[in-house]
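This is the structure, below, for whatever I ask next.
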Amino acid sequence: MPPVQAEELARLCARLEGERAKYVDLFDNAPDAYVVTTAHGILSEANIAAGRLFGVTARALVGKALIGFVARQDTRQFRALVRELVGSAERGDVRTLTIRMRPRGEPVFVASLRVVAARGLRGQPTAFRWTIR
């Protein structure tokens, strides 16, 4: 690789890393609880506010099923929302739901959930991005 191309590639990599770091900082320090789940409902990302909301660290949430934090009496409603999103082919389709959630070792609380599906090339959901208040 010629030196000019290598320098340009190094600048581009540094710029991309700076953008990624800015995203991580915004995500982690947002005042609302933000989580990302796989299409199967497993938490793949969680911010600090989500950890506080559920009584654990954000890192401890990763790998857990989001439905595990939904109060038993509202799991049917939660599953229906996820099925609806999976069945919808619209990109950027935002849904909201008010349900009871149960954090670890804390009392049940009423939460407002806002969710949007991230979709792959064929329109199938690859992840869900959740805001929890």
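Principal axis extents for the chain, Cα atoms only, whole Å, descending order, please.
So the three principal-axis extents are 63, 34, 21 Å.
So for the pair N29, V4, with labels modelled 7 Å out along Cα→Cβ, what separation do we get in nm?
In this crude spin-label approximation the distance works out to 4.0 nm.
Now, a different point. For the stretch 31-132, what is the relative contact order in percent, using Cα pairs closer than 8 Å and at least 6 residues apart in sequence? Walk me through the intermediate numbers first.
Details: 203 pairs, mean separation 29.0, N = 102.
Reported relative contact order: 28 percent.
Applying the Karplus parametrisation 6.51 cos²θ - 1.76 cosθ + 1.60 with θ = phi - 60° to the phi angles of the stretch 111-120, what ³J(HN,Hα) value in whole Hz is obtained for each residue in order, glycine and proline being reported as x?
Result, ordered by residue: 10, 9, 10, 10, 9, 9, 8, 8, 10, x Hz.
Based on Cα coordinates alone, diagonalise the gyration tensor for the stretch 85-133, multiply each eigenvalue by 5, take square roots, and list the semi-axes in whole Å, largest first.
Working: eigenvalues 144, 22, 11 Å².
Calculated on Cα positions only, the semi-axes equal 27, 10, 7 Å.
Here's another thing I want to ask about it. Along the Cα→Cβ direction, 7 angstrom out, place labels at I67 and S112. What is the inter-label distance in nm?
Roughly 2.6 nm, to one decimal.
I would also like to ask the following. Give the order of K22, K64 when sorted by the count of other beta carbons within 10 angstrom, beginning with the fewest.
Sorted ascending by nearby Cβ count, the order is K22, K64.
A short reminder: the numbers here are calculations on the coordinates, not readings from a lab. As the structure is a computational prediction, the values presented were derived from the model and not from experiment. Positions of Cβ are backbone-derived with ideal geometry, glycine not excepted, and every protein chain shown enters the neighbour counts.
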